[in-house]
1. Considering only residues that are among the acidic types (D, E) and in a helix (DSSP H, G or I), look in the range 268-305 and name the one that is surrounded by the fewest Cβ atoms within 10 Å (Cβ to Cβ).
2. Of the residues K270, K305, K257, which is over 30 Å from G27 (Cβ atoms) and without any contact (Cβ under 8 Å) to a residue 24 or more places away in the chain?
3. When you look at L473, is it in contact (Cβ under 8 Å) with a residue 60 or more places away in the chain, of a type outside the set (D, E, K, R), more than 21 Å from R448 (Cα to Cα) and not in a helix (DSSP H, G or I), yes or no?
4. Confirm whether V18 is hydrophobic (A, V, I, L, M, F, W, C), in the same structural domain as C215 (by TED's automatic domain parsing) and touching a helix residue (DSSP H, G or I) at 6+ places or on another chain (Cβ under 9 Å).
5. Name the residues in the range 72-117 that are in a loop (DSSP other than H, G, I, E, B) and not polar (S, T, N, Q), would you?
6. Just the residues that are out of contact with any Phe, Trp or Tyr (no Cβ under 6 Å at 6 or more places or on another chain), surrounded by 17 or more Cβ atoms within 10 Å (Cβ to Cβ), of a type in the set (A, V, I, L, M) and outside any helix (DSSP H, G or I), please, taken from the range 388-410.
7. Based on what the data block shows, is E98 in contact (Cβ under 8 Å) with a residue 12 or more places away in the chain and among the acidic types (D, E)?
8. How many of the residues in the range 209-224 are under 23 Å from V532 (Cα atoms) and in a loop (DSSP other than H, G, I, E, B)?
Amino acid sequence: MISLTHISKRHGHQALFVDASLQLNPGEKVGLVGPNGSGKSTLFRLITGEEPVDDGEVMVPKRVTIGHFRQDQGTMGGRSVLDEAIAGSGRLGELHHELEQLQHDLADPAQADAFDKVLARFGEVQEEYQHMGGYELEARAKEILHGLGFHDTQIDGDVGALSGGWKMRVGMAKVLLGDFDVLLMDEPTNHLDIESILWLEHFLRDSRAALLMTCHDRDFMNRVVSRIVDVDDGELVSYSGNYDYMEREQKLRAQKKEAAYERQQAMLAKMQRFIDRFGTHVAKAAQAQSRARKMEKIERIDPPKHREIVPFQFRKPPRSGEDVAALRGVAKAYGARTVYRGFDFEIKRGERWCVMGQNGSGKTTLLKMVAGVLAPDTGTVRIGPSVKLGYFAQESLELLDPTLTVWEQVDQRFHLETIGAKRNLLGAFQFSGDDVEKRIEVLSGGERSRLVLALMLFDPPNFLVLDEPTNHLDLQTKEMLVQTLRDFEGTMLFVSHDRTFLRGLANRVLDVSACGQGGQPAVYPGSYVEWVEKTGMEAPGVHA
């Protein structure tokens, strides 16, 4: 369907692709992985024709339609959410809005002279619209928007009033609604909660479209794709399996390459010793020269590259008292909508609570009240003795000074620490080499999240309150964070849509789903894994 043959592409001095090839077949679901800056988003733009290749060929058949979901959605406003989703959904969306305009023109007395022409066009558009299934378009649009977490009041509301994260969901709805032959999706799970992620998994698996996507959610990749393409030092290396298969295969290939490299190095060392020993020896000089020529012709095996995940060794936090936090008779409402009423909840030392619940059920509200950012309407929230609280939320990113570099921000916070300790900290959170000299104002969302987490964990609190800490983090950083926090001896309260994070860390579950309907939270005194096994749900109301 789509083929890239022996392509090369440079950005400045960086070679992104060198003689690389890739084929995407009809209906195939493919995951695209690789380090930040390796060229994944550029590959999408090469396929859509937004950027040319320097060399090679990109073949996209003329009849193939492509839907491209990207992180930069541009401006939205002046329409309802439903109309915006339909308007951006490709040919069918264009026909939908043309039909609306033609209906308006037919009823407009000012258009009486052009009535026959308008009526003829109306018949043409209506026939094509009906043939493409257009009369189910609005119902399908609402189904997709509901799946992505929108309520009916939001669907009918002004798209311009939405936050950036919700506008991203509208952008995704446009792509999913378009019934394209090929979907290019750049980090589709970034702004979704776990309920919407699970819905999207089913949608993409069942879609007839071919799919090429980047994603930082291991579980999502494993369930959706049947092939992984790794952007590896300019090459596109294909693995026929999911993400877990790729990891296993990469380890096997690395072991074989390591063994081959060591065998060749041993052979070369042996040949060099013979040359050094007998190079001037009269009887064996010819043999030594022959081996030297042979050595020159041997194609050297490059030493294998290692992408290692190293947990950050942070300091042991001070020990807190047994009672870390207690909520008594807490009530919280936003206008007429009550989130909590008469809520009692205790957090003990060493507990790691994950908070589950659908959109609007009060997950972030709870974390804000515990962190002291938001006061309850009635009731009390008490933090226990000797508790040092650290709070991470997306708003925390705004506490960084955009005028400083990464290094200056860390140095300002921990001025008395050694340079080595600060470099180890930044290295663990994927800031190495020239990265530490980047100004914070140019950092991506993922880089800012990494920096805030690094600053928090260098001198760790004994009670971590984390609201979506893995948003924007790549797979390597997520895995490092889970491995790091497994050894954390303090207490945790967190919201996350990442199942690797949930499985790896949560030993208690608080389900606040019922709060939105006037009920009380449900407490499960076991791990997230046990909760899923007991309930059969990976998220409230969504069966595994």
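The values are calculated or read from the model by the stated rules, or taken from the named source; none is laboratory data. Predicted model only: the values in this text are computed from it and were never measured. Neighbour counts are summed over all protein chains in view; Cβ atoms, including those assigned to glycine, are modelled from backbone coordinates with ideal geometry.
1. E296
2. After ruling out the rest, the residue left standing is K270.
3. No: the conditions fail for L473.
4. Against the criterion (hydrophobic (A, V, I, L, M, F, W, C), in the same structural domain as C215 (by TED's automatic domain parsing) and touching a helix residue (DSSP H, G or I) at 6+ places or on another chain (Cβ under 9 Å)), V18 does not qualify.
5. D72, G74, M76, G77, G78, R79, G88, G90, A107, D108
6. A393, L400
7. Yes.
8. Of the residues in the range 209-224, 2 are under 23 Å from V532 (Cα atoms) and in a loop (DSSP other than H, G, I, E, B).
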